[in-house]
Amino acid sequence: MSRDRNEHGGAPGRPLPARLDPRAGRAPRSDRSQDAPADGAGRRAPRERADRAPGRRPVVVARAAAAVLSVVLLAGSGWGWYLGRVAEATVNRTDAIPTAGNSDAGDAPEAINMLLVGNDSRAELTPEQLAELDAGEDSGINTDTMILVHVPADGSRASFVSFPRDSYVEIPGHGRDKLNAAYAYGYSEVDDSATEDQRQAGGAQLLVQTISQLTGLQIDHYAEVDLLGFFELSSVVGGVEVNLCEAVDDSAYSGAVFPAGQQVIEGADALRFVRQRHGLPRGDLDRIVRQQVFLAGVLRKMLSDDVLLDLGTQRELVEAASQSLTIDRDLVLLDLAQQMQAVTAGSIKFQTVPIVGDDRDDQGRSILRLADEDTLQAFFAELSAEPEEAAPSTTEAPAAVAPSDVSVEVYNGSGVSGLAAEAAASLEDAGFTVTSTGNADSNDYARTTVRHASGDDALAAAVAAAIPGAATEESSDASSGTVQLVLGEDFNGVGQQTTQQAPAPSGAAEETPRTAADTSCIN
């Protein structure tokens, strides 16, 4: 059964080919054909992908969240010798980079912009795999996960920007539509005599053109991921740690059933974790956060000594990752590895493209409105700006101060009766001098805060060290030489980590970026 443009990007009233119908499996591969010249839109007539041994065509599973790490994790740990010999020999290749419609503005010559894509097809999963992964029926070849990765020329950091599938954007040659329709348009435009590999490359090229036009950046490389193979990586490393603010039960949809707090997930549970959107405050936007958090967890695990010092685990990871990848013809994984050797978990940042809010288009479909063109291109220009050399520091870190040299005023803003007196007694036991206690100007402080006058940074740092997780801020209300401690709802006691706060369920246009080192809880 075919669908109209309301779902998958075809013109109204024009049936989609069966290979694009989300309820149909992919068409079998055609015989291989010769290369063709570029078409009028500047997209190269795609060459066939590199041959694979029979039965090795990758399985592509639902919601290719965390797709990027199948490329980037190969690069982060100095595995060059093995990458060159194994990964380059087994990874699949495709003509994903078009000859036109791919901006060349804004980047230093050696900077890298890579588009990472997860395909939503389940056509080649067995019934047993579908049941194990709670993956449902095949949903065609729509691309539900799209992440732009930027690595500057000096390799000092990496930025990951996620694009929601329902982003309402201009698709070259097709007008405005959901972003995940771009691949389907490009796929269907390729001549009927072409091979399946060439059609898929046509979809990739139009998606690259769409992202390039949206961001103002040249897309240098492309990677598409077999997510069944990718999630096997989480098992190879012994699971990935994630942290939920609240317990979830999405057994009716994704199959995600997890308790609150920190926990280790792998395999099918990892897929359930990143697929959940029902019951989350912001639906698909919170699912993107799940994907980013899972990516961060895999990164932390793979950059740990448990993996870096285990050659057997490294071999398994490289083999599994290389088999789950299809990359453009010009990407050299060894070069990527060398460029990213200095990247650490703390220098890898995750963001979502700036969003104005949700809406409905003229056909009644749910869409996401992105920020205006100037805002988007300014966002990506800043993202891709080369790091400036830091000027020599002219200030020294504040010298450590003993608790006995610190005077503290304690204010209760938590709403819990008697908490200021309790905290004051604990601070005195720790050696601090408590000069007064009392109630704050409000009883609804969410976060415990250490306030200090200008120049009293060292005094404030001593108090903050006694209450891990407390915020520190300069305040005109604080007297010189005395630190104010305002207890919030997150206060658990002196010497105890404050309670991590769940993120607010807002639809803000821009969110605070997370790094791969961030282990705070999420929805």
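The values are calculated or read from the model by the stated rules, or taken from the named source; none is laboratory data. Because the structure is predicted, anything quoted here is derived from the model rather than measured. Neighbour counts run over all protein chains shown; Cβ positions are idealised from the backbone, glycine included. Areas reflect the complete protein model, heavy atoms only, side chains present, ligands, DNA and RNA absent. Shrake-Rupley method; radii C 1.70, N 1.55, O 1.52, S 1.80 Å.
Brief remarks follow.
- Each of 331, 318, 295 was placed along the dipole of region 292-331 (beta-carbon charges, centred on the mean Cα), and the one lying farthest toward the positive end is 295.
- Region 209-310 - percent relative contact order, Cα under 8 Å, separation 6 or more: 23
- Neighbourhood net charge (12 Å Cβ-Cβ; Lys/Arg +1, Asp/Glu -1) for residue 423: -4
- Taking all protein chains together and rolling a 1.4 Å probe, residue 241 ends up with roughly 80 Å² accessible.
- Dipole magnitude for region 209-293: computed about the Cα centre from +1 point charges on Lys and Arg Cβ and -1 point charges on Asp and Glu Cβ, it is near 240 debye.
- Relative contact order of region 431-483, taken over Cα pairs closer than 8 Å and 6 or more residues apart, is 41 percent.
- Near residue 459: Cβ cut-off under 13 Å, other residues only, Lys/Arg at +1 and Asp/Glu at -1. The net charge is -4.
- Descending by average beta-carbon neighbour count within 10 Å, the peptides 427-438, 91-102 line up as 91-102, 427-438, the highest first.
- Cα-derived Rg to Rh of region 202-336, Kirkwood definition: 1.01
- Gain on full extension, evaluated as 0.36 nm per residue between residue 191 and residue 497 minus their Cα-Cα distance, stands at 104.0 nm.
- Point-charge dipole on Cβ atoms (K/R +1, D/E -1) for region 426-473, about Cα centre, debye to 20: 80
- Percentage relative contact order, region 174-252, counting C-alpha pairs under 8 Å, at least six apart: 20
- Solvent exposure, largest accessible area first (probe 1.4 Å, DNA, RNA and ligands not counted), of 290, 360: 360, 290
- For the residues 220, 269, 441, a 1.4 Å probe over the protein chains yields an accessible-area ranking, largest first, of 441, 269, 220.
- Net charge of Cβ neighbours under 13 Å - reference residue 239; Lys, Arg +1; Asp, Glu -1: -3
- In Hz, Karplus ³J(HN,Hα) per residue of region 153-167 (6.51, -1.76, 1.60; θ = phi - 60°; x = Gly, Pro): 4, 7, x, 7, 7, 9, 10, 10, 10, 8, 10, x, 4, 8, 4
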